[in-house]
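Read the structure below first, then the notes.
Every number in this text was worked out from the coordinates using simple rules, so none of it is lab data. If you're wondering where the values come from, they're calculated on a predicted model, not measured in any experiment. No Cβ is skipped: glycine too gets one built from the backbone with ideal geometry, and neighbour counts run over all protein chains shown.
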Protein chains: 2
Amino acid sequence: MTRFASTIQFLRSSEIRDLMSLATAPGIISFAGGMPGNDLFPLNEVDEIYNSLSVKEKQVAMQYGPTNGLPNLLESLNEYLKAKGLPVESNRIMITTGSLQAINILAKAFVDPGDYIMVENPSFIGALSAFRSYQANLITVPMNADGIDIPQLKEKIASAPQKPKFFYYSPHFHNPAGIIYSQEIKEQLIEVLKGQDIPLLEDDVYSDLYFYEEDKDKLKLIKAMNPDGIDVCYTGSFSKILGPGLRLGWMLVPEHIYQKCELIKQSIDACSPSFSQVIADKFLRSGFIEKYVGEVRLEYKKRALAMFDCLEKNLPSYVKWNKPRGGFYIWLQLPQGTDSTEILKKAIEKGTVFVTGKTFDPDGKRNDCMRISYCNTDVEAINKGIPIIAQAIKEVCG
Amino acid sequence: MTRFASTIQFLRSSEIRDLMSLATAPGIISFAGGMPGNDLFPLNEVDEIYNSLSVKEKQVAMQYGPTNGLPNLLESLNEYLKAKGLPVESNRIMITTGSLQAINILAKAFVDPGDYIMVENPSFIGALSAFRSYQANLITVPMNADGIDIPQLKEKIASAPQKPKFFYYSPHFHNPAGIIYSQEIKEQLIEVLKGQDIPLLEDDVYSDLYFYEEDKDKLKLIKAMNPDGIDVCYTGSFSKILGPGLRLGWMLVPEHIYQKCELIKQSIDACSPSFSQVIADKFLRSGFIEKYVGEVRLEYKKRALAMFDCLEKNLPSYVKWNKPRGGFYIWLQLPQGTDSTEILKKAIEKGTVFVTGKTFDPDGKRNDCMRISYCNTDVEAINKGIPIIAQAIKEVCG
């Protein structure tokens, strides 16, 4: 009888893995993934970067690097984040092995088994998995169309058995809810957390993927507002603006939190991949990133608009949804009590997949909603797959 | 007052980081690192691999992959490990972000705060850091020239306050002790652990770097012996046989342990870098690996022999050391009670660094020993740096 650690029981079975292997099976139209389209990666730019590397740069790419990241990438990322208005001078950057690792490290820095933390409902499955792995108790707060429900947030903080260790949220083009936090809700959130000794984990991997130039001003991060009296821990990623296969993300956090996170990172994987870091650094410095992100923004918008059109034509009116203004995801609200797993079964039979609602419910219960993404399917696949999903919904909901 | 998790106090301050930044400072001769020489990386082979990738392979390199690794690399690594006599059929492979991550994941799978685990003294600092990060109590067992001290191992298992969760060891060209476990000690170790429900973590990253063909038969892993009645968890790495900058390692473990580890890996970084995995797969399949490892074996041997020669000529006779027959490290035993930190200070003044003994002592105490490595210095640097170290030893020890 193997004597595993008690933490093991807090981790869920691999439903995501099973769905992902289905999602990438040949012949399946997948609205399930949160990955960029294979056809959209900047392969020519990466070729140009690789072939322009000096011998010395290639040696750096093959060698261990500092725990917090290669100096060159720290410098170029510093400029990149500074240009977004982020307070790089008064904080520290750490390069991580994907932004999930940044979230995991922050969770480890703050959470003792049994501690309480606050999360949105619905929320990003990867972060939930990291929080569960440290045996955190999750206090869930529902979302509205403009962000977290502030009265409920206040009430849940007040009624928590212990003061929560942090509040984890995602401000822009939310995964899976697809929404943008309004400036008003962000300001109310600051007021609620100020002086409370409850750090804010601000997870932002989609802000660059806005569809409308006029939204740019709405996409201000709380980290960029640099509010007094809150430790804001901001995490981001190269996964959506270069390629997830590089496994590179970052955190920008106050110095005293950074010091703890660096120790933790040393014990996890010593440093993030140097090979990836050399490429990402050149991608930032060359200016390829602005051109590339501009292009994929247009492509994701095209796919999103095709999907909106297709949903409007095919979905029954009792399905409620909002049109996202960027990012990857559309969140469908089904009639109360619907089991979206039944819909998924029917969709799979006809060669289409998506992700059921309960996957994103921190309590693992609410299943009368579902996430469909347009990031990894071209317009043709959207036009073919969405009617199948609409039909499956009708078969289950009537 | 930030409310960090209690685990934080179990992690040591960044002495390794400080030493490493010194070790890579310009003008310093460094015998401190455990990294391959920058001049030894197979850059031409990696160029050839990169430039032969198809568009589809490059897309795979930029995309998320399965948590346990890309199917192609799992297949080629399976063949590579099978050829070493490892029981790949009855176990599962997982690709990890360096072998340190494999060790970290196994620690998380087994250790609850306050649990006891057993380690060699001296031991690999990265593993110790991973174990501490889960608040393990470390029971240390001293090493002899042919491996762990078996009577003390038995006694410490018997007298442990709780049954230890596992025993962590490194069989070949030990870091830092430089020794090879004898077949006899391996067999005794199997007898001690058999039926005890104490898994064996077998960490092996240097076996391929033997200097003498006649030693090949002595380098049999306990995992390859596949003993009944012990869960052997074997970990390995591409860091020493391709390049640490790729951050790729692996574990080969029984299925029931694999299942837990995959859940943990999902919560840490979702998957290891695909870009690196595509390159490592081609490196295995092309046969480049045999040619490359053959070449670096000769080069490390050349450096080691130069260092032996230089140590024999310069070291006072009261310094005891064994000539390693492979790997990266020489372990010097200084007169009892010597403080190697004093020697380090004098060596640094003259532009040479190494690592002090207490860094590798799980109890952080014994400092009358030191590690010098020859992996990242050419013969010229060895001939210049070793006399400086010998002089520093004489100045401190008389």
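Which cross-chain or sequence-distant (5 or more) residues have an amide H under 5 Å from the amide H of A:R92, H modelled 1.01 Å from N in plane?
A:V253, A:E255
For Cα pairs less than 8 Å apart in space and 6+ apart in sequence, what is the mean separation divided by the residue count of chain B, i.e. the relative contact order in percent?
Numbers: 723 pairs, mean separation 95.4, N = 398.
Normalised by residue count, the contact order of chain B is 24 percent.
Pairs to check: A:K216/A:K240; B:K84/B:K218; A:K84/A:K216; B:K163/B:K365; A:K165/A:K358. Give those whose C-alpha atoms are more than 19 Å from each other in this structure. Before the final figure, lay out each step's value.
Working: A:K216/A:K240 17 Å; B:K84/B:K218 13 Å; A:K84/A:K216 11 Å; B:K163/B:K365 25 Å; A:K165/A:K358 24 Å.
In this structure, B:K163/B:K365; A:K165/A:K358 exceed 19 Å between Cα atoms.
From the residues A:M94, B:A25, B:I139, which one has its Cα farthest along the dipole of the protein assembly as shown in the positive direction, the dipole being from +1 and -1 charges on Cβ of Lys/Arg and Asp/Glu about the Cα centre?
B:I139
How large is the helix-only mean residue ellipticity at 222 nm for the protein assembly as shown, computed as the sum of -39500 (n - 2.57) over DSSP H runs with n ≥ 4, divided by its residue count, in deg cm²/dmol to the nearest 500?
Numbers: 28 runs with 335 residues, N = 796.
Calculated from helices alone, the mean residue ellipticity at 222 nm is -13000 deg cm²/dmol.
So, with +1 on the Cβ of K and R and -1 on the Cβ of D and E, and no other charges, what is the size of the charge dipole of the protein assembly as shown about its Cα centre, to the nearest 20 debye?
Numbers: 88 positive and 96 negative charges, 96 e Å.
The calculation lands at about 460 debye.
Is the shape of the range A:345-398 rounded, prolate or oblate, going by the alpha carbon gyration tensor and its root eigenvalues a ≥ b ≥ c, with a/c under 1.5 for rounded and a/b larger than b/c for prolate? Each step should come with its number before you reach the end.
Values: a/c = 2.57, a/b = 1.41, b/c = 1.83.
Here the range A:345-398 falls in the oblate category.
List, in the order given, every pair from B:K302/B:K323; A:K108/A:K194; A:K265/B:K265; A:K56/A:K282 whose Cα-Cα distance in the structure shown is over 18 Å.
On the way: B:K302/B:K323 13 Å; A:K108/A:K194 23 Å; A:K265/B:K265 15 Å; A:K56/A:K282 14 Å.
Exceeds cut-off: A:K108/A:K194.
Placing +1 at every Lys and Arg Cβ and -1 at every Asp and Glu Cβ, with all other atoms neutral, what dipole size does chain A have around its Cα centre, in debye to the nearest 20? All intermediate terms of the calculation are to be shown ahead of the outcome.
Values: 44 positive and 48 negative charges, 137 e Å.
So the dipole magnitude of chain A works out to roughly 660 debye.
For the range A:183-275, with equal point scatterers placed on the C-alpha atoms only and solvent neglected, what are the log10 I(q)/I(0) values from the Debye formula at q = 0.19, 0.22 1/Å, to two decimals?
Debye output, listed in q order: -1.04, -1.19.
Could you calculate the FRET efficiency of A:S317 with B:A83 from 1/(1 + (r/R0)^6), where r is the beta carbon distance between them and R0 is 56 Å, rounded to 0.05?
Numbers: r = 62 Å, r/R0 = 1.11.
Taking R0 as 56 Å, the efficiency between A:S317 and B:A83 is 0.35.
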